[in-house]
Amino acid sequence: MKSKTPFGNISSLFLLLLISASLVSCVGARKFQEDTAMARDKEKKAFVETVDGTITEANAAVLRTPFLGKSTIELDKNTKIPTKEVVAYQNDRAYYRKIQGQFAPRIKKGLINMYMTTETYTEYSAPTMGNTGGFRTRNRTVYYLQKGGDQATTNKFSPNLTREYVQDYAPAMEFIHVYDNNAKKAKIWSIVNTAAVAGGALLMITSGASSDGEKVTGAGYTGAGLFFGGLVSGFVNKIRKAKNVKNLELAIDEYNFQTKKKR
């Protein structure tokens with residue numbers, strides 16, 4: 001006889017666990033504000049910078065990626081420069097820098113520059129009604145920071161890197177302190193929620209049914225309460241963690257804003 005739980009049986013519970021994990025994983029990191037127009041070099045219309053440091057200015061620059069043939073940056077419809085020789089270029093929409101093999105648009109410009117790239121990854125999607133589930137390839141946005149000018153090294157965005165870059169400016173560090181405090185609270189709630197979900201699932205499995213195998217026991221319902229309560233609280237905690245990233249963005253913006261304050 002199958003063990004009875006508030007969901008019917010163990011297989012149903014396992015399916016719910018998979019779906020729940022999938023739902024929680026859908027809460028991704030918060031995206032930063034993108035202002036590619038303001039992050040351009042205002043003194044130039046368009047240009048290409050090659051690996052040897054040469055900068056060729058123009059009125060227009062277009063990335064050409066033919067199905068057959070080499071990719072190029074076309075300047076004013078008459079000069080073509082192979083992309084393999086290009087480290088950065090600018091058109092009327094944005095400034096792009098080559099990062100991890102792709103031209104990443106600059107979305108923030110200042111003492112700390114920020115770039116936006118795309119990364120491909122594989123994740124498991126739980127089966128749902130009308131969907132068999134399985135592994136799927138998806139894309140996600142990955143950010144890079146650069147401090148020290150356009151020629152400086154770009155590094156993958158992280159809370160620790162942001163802290164390192166703004167630590168010499170107290171107003172920006174105030175946002176880092178807020179981020180750290182919120183992150184500590186989120187970590188504690190994550191532990192509590194994980195324990196509630198795991199403990200609730202175990203309680204439903206071990207105490208789900210009475211001795212006659214028909215009636216769901218009080219302990220079984222208590223387990224269900226813990227399970228769903230921990231799940232909902234975990235989902236909310238994920239949202240809070242995503243929103244907390246805003247404080248890192250505010251730290252970067254405040255750091256960049258100090259140059260305007262000194263004018």
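Read-outs throughout are calculated quantities, based only on the coordinates presented, and are distinct from any laboratory measurement. Keep in mind it's a predicted model, so treat the numbers as computed, not measured. Don't worry about glycine lacking a Cβ; one is built from the backbone with ideal geometry, like all the others, and counts go over all protein chains shown.
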Subject >> segment 41-93 - charge dipole about Cα centre, Lys and Arg +1 at Cβ, Asp and Glu -1, debye rounded to 20 >> reply: 240
Subject >> Given charges at Cβ of Lys, Arg, Asp, Glu: segment 41-93 dipole, positive-most of 55, 87, 72 >> reply: 72
Original post:
Between residue 108 and residues 5 or more places away or on another chain, which pairs have amide H atoms under 5 Å apart, with H built 1.01 Å from N, and which residues are they?
Top reply: 114
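For a distance above 19 Å, tell me the whole-number percent of Cα pairs in segment 41-93 that qualify.
20
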Original post:
What FRET efficiency would be calculated for the residue pair residue 44, residue 160, taking the C-beta separation as r and a Förster radius of 25 Å, to the nearest 0.05?
Top reply: 0.15
**OP:** Extending each Cα 7 Å along its Cβ direction at residue 177 and residue 93, get the distance between those two points in nm, one decimal.
**Re:** 4.2
